[in-house]
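**Q** Got a structure for you, questions after.
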Amino acid sequence: MNKTNENELVKLQDVWKIFSMGNTEVQALRGINLSIHQGEILSIMGPSGSGKSTCMNMIGCLDRPTKGNVIINGRNTATMNENELAAFRNKTVGFVFQQYFLLPNLSVLENVMLPLRYQRIPIEERRERAEEALVRIGLADRLTHKPNELSGGQRQRVAIARATVTKPALILADEPTGALDSETGHSVLDLFQEINAEGTTIVIVTHDQEIGRTAPRMVRIKDGLLSED
Ligand SMILES: Nc1ncnc2c1ncn2[C@@H]1O[C@H](COP(=O)(O)OP(=O)(O)OP(=O)(O)O)[C@@H](O)[C@H]1O
Ligand SMILES: [Mg+2]
């Protein structure tokens, strides 16, 4: 039985992740408990190798725990098969990474349209919604550019437009400002705050104290264990 609060979007219950390579084992997560509520903006901080990305992969259902439960919207993901999980991820979660992962041969507009194709949205609507997302983040004059014709900050904004165009309940950003200078990094954070103000739950992973502190709630991971301030 998994009783959850109405507005609890994600719940990690005693989540362990152990990577085995030959004879060696890495305990990347050692019993993490975390509740993320709808509309929240949360930062996960911790040094390199502490388990932040592994934790993010659990929250976003990109990987499964070795032990423990990941419950999303009251549903235990352990009961879902890979197809269900992929469909669920596509509908509920938007991902933003430090390295952007834009497709180099597609234009900015086409990159942002892509997640809508996986949702089988008709092409005209895809175009309209992608354009709208890009206009909103100030890239109206870059629609036909290729990613390599943009600055780092602009690329990250395209990645954010791509993550938000499906209107996911949850945005997971792993070191989203890691490759940006401090000023550009802050404008990306401002953008997350605007998106959050519209009700989207946002989780930002960072090892940068200053970035982490901009979030109203901050948790820390160290050696696979989580603590809350
Ligand atoms: N696929 C994997 N196979 C084996 N070990 C892994 C794997 N992924 C992560 N690890 C190990 O798990 C631990 C946590 O890694 P993780 O990537 O979560 O750290 P992180 O906090 O995100 O670090 P960084 O700030 O450098 O990105 C590390 O010791 C890492 O070597
Ligand atoms: Mg990481």
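**Q** How compact is the chain by the rule of thumb for globular proteins, expressed as Cα Rg over 2.2 N^0.38 Å?
**A** On the way: Rg = 17.6 Å, N = 229, 2.2 N^0.38 = 17.3 Å.
Here the Cα radius of gyration is 1.02 times the empirical estimate.
**Q** For R136 and H186, what is the calculated FRET efficiency with R₀ set at 25 Å and r taken between the beta-carbons, to the nearest 0.05? Numbers along the way, then the final one.
**A** Values: r = 18 Å, r/R0 = 0.73.
It comes out at approximately 0.85.
**Q** Counting DSSP beta bridges in the chain, what percent are antiparallel, to the nearest 5?
**A** On the way: 22 of 41 bridges.
Among the beta bridges of the chain, antiparallel pairing accounts for roughly 55 percent.
**Q** Further question on the same structure: Using the alpha carbons of the stretch 92-158, what is the convex hull volume per residue in cubic angstrom, as a whole number?
**A** Measuring per residue, one finds 89 Å³ for the Cα hull of the stretch 92-158.
**Q** Total Lys pairs in the chain closer than 22 Å by alpha-carbon, pairs eight or more apart in sequence or interchain only?
**A** 14
**Q** Using 10 Å bins from zero, what percent of all Cα-Cα pairs in the stretch 61-197 falls into each bin?
**A** In whole percents, the pair-distance histogram is 12, 40, 32, 14, 2.
**Q** Rg and Dmax of the stretch 164-220, Cα atoms, in Å?
**A** Rg, Dmax (Cα atoms, Å): 11.0, 30.
**Q** Right, here's the next one. Arrange the following residues from fewest to most other Cβ atoms within 10 Å of their Cβ: M80, M56, M113, M21.
**A** With the fewest neighbours first, M80, M56, M113, M21 line up as M21, M80, M56, M113.
**Q** Using 0.36 nm times the number of residues separating L225 and A179, minus their current alpha carbon distance, what extension gain do you get?
**A** 13.9 nm
**Q** Once you put a point 7 Å from the Cα of E198 and another 7 Å from the Cα of K146, both along the Cβ direction, what distance in nm separates them?
**A** Going from the E198 label point to the K146 one covers 3.0 nm.
**Q** Follow-up. Per the Kirkwood definition applied to all pairs of different Cα atoms, how many angstroms is the hydrodynamic radius of the stretch 1-99?
**A** 14.3 Å
**Q** Turning to a different aspect of this structure: Work out the FRET efficiency for E6 and F101 from their Cβ-Cβ distance, taking R0 = 41 Å, and round it to the nearest 0.05.
**A** Step by step, r from the Cβ atoms, then E = 0.75.
**Q** What distance in nm separates the simple spin-label points at N90 and E125, each placed 7 Å from Cα in the Cβ direction?
**A** Rounded to a tenth, the inter-label distance reads 1.4 nm.
**Q** For the pair E82 and M21, what calculated FRET efficiency results from E = 1/(1 + (r/R0)^6), where r is the Cβ-Cβ distance and R0 = 25 Å, to the nearest 0.05?
**A** 0.65
**Q** Given the Cα-Cα distance of Q13 and T66 and 0.36 nm per residue of separation, how much length would full extension add, in nm? Numbers along the way, then the final one.
**A** Details: separation 53, 0.36 × 53 = 19.08 nm, distance 1.19 nm.
17.9 nm is the gain from fully extending Q13 to T66.
Coordinate-derived values only; no laboratory data. Please read all numbers here as calculations on a predicted model, not as lab measurements. Here the Cβ is made from the backbone with ideal geometry for all residues, glycine too, and neighbour counts use every protein chain on show.
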